[in-house]
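Below is one structure; the comments refer to it alone.
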Amino acid sequence: MKPAPFEYVRPESLAEACALLAADEDARVIAGGQTLVPMLAMRLARPARLIDILRLPELAGIRQEKDAIVVGATTRQAQAERDPVIRASVPMLARVLPWVGHPPTRNRGTIGGSIANADPSAEIPLVAVTLGAEIMLATVDGPASMPADDFFIGPMLTTINPGECVSAIRFPVWPHRRVGTGFFEISARRSDFAFVAAAAQVALDDAGSCIEIALGVGGAGDRPVRLDVSSLAGGKLDSASVTEAINTAAAELDAMSDLHASAAYRRRVAVALCIRAVEEARGNAAAKPAKGA
Amino acid sequence: MTADPATFRFVSTNRRVREDRRFVAGRGYYVADVALEGMLHVAILPSQHPAARIVSIDASAALAMPGVHYVLTGDELAAATDPLMNGLDTPKVQRHPLAVGQTRYAGEWVVAVVADSRALAEDATEKVRVVYEPLPFVINAEQALLPDSPPVHPAHGSNVLLDRTFVWGEVEKHFAESPRQLAFRVTWGRNSTVPIETFGVAASWDPWRDMLDVWASIQMPKYPDQIARALRIPANCVRVHQDVDVGGSYGVKRGIKQTVLVAHLARRLGRPVRLIEDRLENMRGGDAHGPERIFDVEVAFNNDGIVKSMKIRALDNAGAYAGRAPFQLGKPIGAIVGPYKIESVQYRAQSVTTNKAVQEAVRGFGQSPTNYAIETAIDKVAAATGLERIEVRRRNFIRKEEFPYLIPSGSSYDSGDYHTVVDKVFAHIDFAAMEQERDRLRASGMLAGIGIAACLEPSGGNSSFEPLLNEKNTTTTWMDSCRINIDGLGFVTVTIHNTSSGQGHETLVSTVIGEVLQIDPDLIRVVRPDSLACLPSNSPVGSRMAIMLGGAAFHAAQKLKTKLTRIAAHQFGLAEDKVVYASGGVGDPKSNRQLSWIDIVNIGHRNFHLLPEGMEPGLESTHVMQVPTGDRLPENGRVQMYPCHSFEFHVVLMAIDPVLGKPEIKRYVIGHDCGTVINPHIVKGMTLGGVAHGLGAALLEEFVYDDEGHLITQSFMDYLLPSSREMPKVEIVHHCTPSPHTVFGQKGSGESGYLGAPAAISAAVNDCVASLGISFNKLPIRISAIGDAIADAQQGKPQQQAK
Amino acid sequence: MKVNLRINGVNRTTELEPRKTLLDALRENFLLNGTHAGCEHGVCGACTVLIDGEPVRSCLMFAVQADGYEITTIEGLAPAPGELGVLQDAFCETHGLQCGYCTPGMILAAHALLQTTLTPTRDDIVEAISGNICRCTGYGQIIEAVEFAAARLRVANTPRPQHDGLNRELPKHAAPTEGLLEAEKGDQPVAEAK
């Protein structure tokens, strides 16, 4: 399984990379290669030219902004997994990373790579959608961005245009003191793409009421989706309300059947995992000390 | 058994497996490491159609590419070589390495491109233009049985390769007499052992010596013979290099089509040629799939749970060509009643062609699927009678004192003590505590259950299923061999005459010979000559090598020990029974005269005048051994198959989250009795590896074809292999019931774990869900199927079985 | 394209196509056959090498991407020809292999784990090798090998990492604190032959 021949270019700057991409519609970006190279090996993708962006300084690094953490696209998944800033400020990302692929694939695979690959059951896009992250793009015309919700438009399909590449992901940081996350996924084996996954983040006030809640489902349909459970804000997140809100929000959930799981399974288990994820998030938030406690 | 276990010095001790040393340093010698000067590389163009007529092949664009040397078509290859051998008498089912006239499964190899590098060869395959005319196809075995199904081989007339019914004993009478009966179906999905190394072969033709040299990742009896036949050259013009390390096989690396293809090209092009299958070629068209079998079973029993008679119809989906696969319906006949005293059996073996990839011999050669059917029957008898599943087994087990035990189909089981193994396992587990743990899991909201399975591993490998299923085959010889030479300086070198794929044969043989000659096994060198310098061997198949290679090594060593003793006795002027051989030297106990090893070596190599009359000089011995039983042809559909029968008993505690449907093994215990263990490390490894294969077959692995006849599971992304996360920690409880047929009492263990794990794991799943009134009768049992069935049951809907 | 790679501590240069994977380059250009091809699509792990000490699938890297790293293959683990490192020897001790095909990758993955901690739990070991498929052993004796190697390394008189990579407490040095020159209790001088 050898790839079809291609040229290899390592540009010195992001601007040069975009120019190269714009100039050649058969050019593709490579960073960690963990999802691209298998496709090349099976000749499912046959770019004439690979533009290696892995070492571009503009794409590296994790930056703290006022209310967000900006993760450079070429941040390796293993790096992000160990990063204390991410653990503190984007706990949902830290929570899912051990479930992404295997340790060796996380040593090379990048955050931006997973986003650009847009596998419907991938964990990092699920986090991006659930938290309402922004996908930052580098283009020949300068930087641009797209809400994660709009960025993923189908299985392995994003709104990226020729000449563009993902430069960073801007994850919002919740300003609340008591924030907890929950995450569950089900797959045939631990390393496999999930049949369905649920990610939740909950913020509680000092009295234990929900201030903010975010919930997303991956692997069910052709892209990760956020479920609208905003009705739960202000309440205590008791089991009955949570179940009802999730059932309502998931009623229209798109689910597909394939070799590994039926649509019925995906829909049913999505609901169950959402409930568990919210419960776990609530529990984790409640464990954080209240003011004056 | 010849040797006394109480006196073992090396056998059964935890010696290191010597082969490990080169592998941990990355110094194995696999076929992909074979670099021959001027070697060319092959890539394959497969068909995308389940069945199609080949209208035309245009290779001109491919041949024009730089670095491309040749494009081989099926027509050219078929003209230059004979078709590959069938096992059954089905001469109109012809198989060639490249499709001839039509292709018969999606993924079948159509064209082979030869180039300077594998990458260039792959580039060139994309430029070969093949025009196909799609034909009707059939992929379902039950449909293939129907007379109007499109025949995969029109000249053969139908899709039926084999349809043979055996009746052993008074089946109908026993059914009529029995107060209870039940019937059910189980299906074993198409999977295989899928080694991490694909099949590869390199060949080189020397016209000046008329010699074809072959290096391959091979595990195949009579490999040089089959190459010679196909290429129409004398068998002594084929030299297979058996010192190639094989990266796992577990039966499937028979690679004859790949070899004939490459050998023809080497001869045609006058340059060495190598084909290493890539993973796609291997999965789709490597012809290494395993059994795909539907069992329809009926049992006749009484209220005490005693099973008197059994009927089995086994329908196997062989794929597009016959090969050896149909024999995988025959081998289980040698243990058709499992470990039970079932008095009569009717067995209908059916094998059909369909437009799927071809089966190859998979670990156990059909025994594991058959055990799945038998154990399901026993569990259902338990459910019907209300007896405990283990109690039904105890009541039906052959008892220790009843061995040797003749089963209805003609095989005699050598020895066993099933009740003791079960007792030992239960004592180890503390079964009552396990049941409490199961109940605690249930109380916590999980589904939980315990699965058990008891089965035999017939070992020793003769091939008496061949004449049983094909009367034209009169093979009763299944031999293996060993040769020992003590050189002029007293060092020992042994030759073995087979390839190995991780079974530790070098360690096995040096341990056995060290035991007999009472010298340190680590000083014994074991080498593998090429096939022309070899004695006969039939390869590590049928779990035979501990018995056969161990036996041949033992007897060769005994011969040498006798010679050493005779030489020394002759020096002392004494009869042989008056001297004592000990640790390589010989002594006269009365006079305390001693001759050391090196003294005797010197006499043997240098002092002809001191040798006994008529003795050959030198110190060399050879033994070619026939399998201990099974040296007769079948009579009336009965025949003795393998000589030795190991036993295994699995207990699995499992929990299933009722919403997620994911089975989780909480505890896995296997009782294992393979007689005397020559090397404990090796046997432990076989058992644990076998359980892993079984877990894959039960829960994860399947070659799935869609309704259009295309293989969906083409890569490791969809064909799911168990990783360290999926495997529970397996506890082995050991027992030893020696075999009377073998020199140390050893039985085989090459298939251990695999033969019972699918049955045990499936039983565990079913025990988990039994309270919901559902069960699963098809392997693999997927998470989604479990989840959906549970959900339907909880809503009062009837269960939909997986297709 | 020309590419400069640093393999097992040695700078090497070769000429190859961009599409050649690091796996194929190691085997074909540098004749390091210990790294094996099992699937060529990043699932089985037989191609595992270390890149700056971390396990990576060499079938998913192109050689032209591999400059500037410390690449370690299985050939780089043995201390000297004919000698085995502690971990390699442990695999021999527990028979943590059969056919040997997955073994180099498996050993490198385990080696990387033991560079971060000498007190791995069974779960740590399972996680570390979860990306390496073995079809022979069922993993039991492989896990035993890593546990055995960890135990030996804990008492070995070798430099140890300053930080436990999994943020756990470093083990106390288990080598005996009594001087090795003092006689053990019960040692008696050997009587001189008369």
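Rule-based calculations on the coordinates, nothing more; no lab input. All values reported here derive from a predicted model rather than from experimental measurement. In this analysis, Cβ positions are derived from the backbone assuming ideal geometry, glycine residues included, and neighbour counts consider all displayed protein chains.
Some points to look at:
- Gyration tensor over the Cα atoms of segment A:7-52: the corresponding equivalent ellipsoid has semi-axes (square roots of 5 times the eigenvalues, largest first) of 19, 12, 7 Å.
- Furthest towards positive pole of dipole, B:Gly364, B:Thr385, B:Pro408, structure part segment B:316-444, Cβ charges: B:Gly364
- Calculated FRET efficiency, B:Glu616 to B:Glu731, Cβ-Cβ distance, R0 = 41 Å: about 0.20 to the nearest 0.05.
- A simple spin-label model places pseudo-atoms 7 Å from Cα toward Cβ; at B:Val55 and A:Arg87 they are separated by 6.5 nm.
- The alpha carbons of chain A give a radius of gyration and a Dmax of 19.3, 65 Å, in that order.
- Listed by chain and number, the lysines placed with their C-alpha closer than 22 angstrom to that of B:Lys400 are B:Lys308, B:Lys341, B:Lys424, B:Lys747; residues fewer than eight positions away on the same chain are left out.
- Model label sites at B:Lys559 and B:Phe8, defined 7 Å from Cα along the beta-carbon direction, differ in position by 2.5 nm.
- Pairs of C-alpha atoms in segment B:201-281 farther apart than 16 Å represent 47 percent of all such pairs.
- The residues B:Trp208, A:Trp174, when put in order of fewest to most other Cβ atoms within 10 Å, stand as B:Trp208, A:Trp174.
- Loop-resident sites, segment B:340-442, for GluC sites (Glu not before Pro), counting at most 16 other Cβ within 10 Å (DSSP): B:Glu388
- Of the DSSP H helices in chain B, those that are both long (alpha-carbon extent of 20 Å or more along the helix axis) and hydrophobic (Kyte-Doolittle mean at least -0.5) are B:367-385, B:545-572, B:680-695.
- Which of B:Ser117, B:Ser749, B:Ser60 has the fewest Cβ neighbours within 10 Å, and the rest in rising order: B:Ser60, B:Ser117, B:Ser749
- Formal net charge of residues neighbouring B:Pro529 (Cβ-Cβ distance under 15 Å; K, R +1; D, E -1): -2
- Rounded if a/c under 1.5, otherwise prolate or oblate - the protein assembly as shown, Cα gyration tensor axes: rounded
- Charged-residue dipole, Cβ positions (Lys, Arg, Asp, Glu), chain B about Cα centre, Debye nearest 20: 640
- When only the Cβ of Lys, Arg, Asp and Glu is charged (+1, +1, -1, -1), the dipole of segment B:670-737 relative to its Cα centre reaches about 600 debye.
- Just so you know, the averaged projected area of the alpha carbon convex hull for segment B:632-789 sits at 13.4 nm².
- Förster-model FRET efficiency, 30 Å R0, B:Arg638 and B:Glu388, C-beta, rounded to 0.05: 0.35
- Computed over the alpha-carbon pairs of segment C:1-76, the distance histogram in 5 Å steps reads 3, 18, 32, 29, 14, 3 percent, short to long.
- Listing B:Lys424, B:Lys400 from fewest to most neighbouring C-beta atoms within 10 Å gives B:Lys400, B:Lys424.
- Backbone N within segment B:331-374 under 15 Å of label point (7 Å from B:Asp296 Cα along the Cβ vector): B:346-352
- Within 10 Å of each Cβ in B:682-691, the average number of Cβ atoms from other chains: 5
- Convex hull per residue volume in Å³, alpha carbons only, for segment A:1-150: 116
- A crude spin-label estimate for the pair B:Leu269 and A:Ala287, with each label 7 Å from Cα along the Cβ direction, gives 6.2 nm.
- Cα gyration tensor category, rounded, prolate or oblate, for segment C:78-160 with a/c compared to 1.5: oblate
- Given charges at Cβ of Lys, Arg, Asp, Glu: chain B dipole, positive-most of B:Ile333, B:Leu633, B:Ile665: B:Leu633
- Expected 222 nm ellipticity per residue - DSSP helices of 4 or more, -39500 (n - 2.57), all of chain B, to 500: -8000 deg cm²/dmol
- Summary of the geometry: segment A:47-71 and segment B:29-76, compared by the centres of their Cα atoms, lie 43 Å apart.
- Packing-based ranking of C:27-39, A:58-70, B:30-42 yields C:27-39, B:30-42, A:58-70, ordered from highest to lowest mean Cβ neighbour count within 10 Å.
- Relative to the Cα centre, the charge distribution of segment B:105-228, modelled as +1 at Lys and Arg Cβ and -1 at Asp and Glu Cβ, gives a dipole magnitude of about 360 debye.
- Tensor-based shape of chain B (alpha-carbon gyration tensor, a/c under 1.5 rounded, otherwise prolate or oblate): oblate
- When only Cα pairs below 8 angstrom with a gap of at least 6 residues are kept, chain B shows a relative contact order of 16 percent.
- At least 24 Å along the helix axis (C-alpha) and Kyte average at least -0.5, DSSP helices within chain A: A:263-286
- Inter-centroid distance (Cα atoms) of segment B:232-285 relative to segment C:1-77, Å: 27
- If R0 equals 56 Å, the separation of the Cβ atoms of B:Glu37 and B:His609 corresponds to a calculated FRET efficiency of about 0.65.
- Euclidean distance between Cα centres, segment B:413-463 to segment A:1-30, Å: 58
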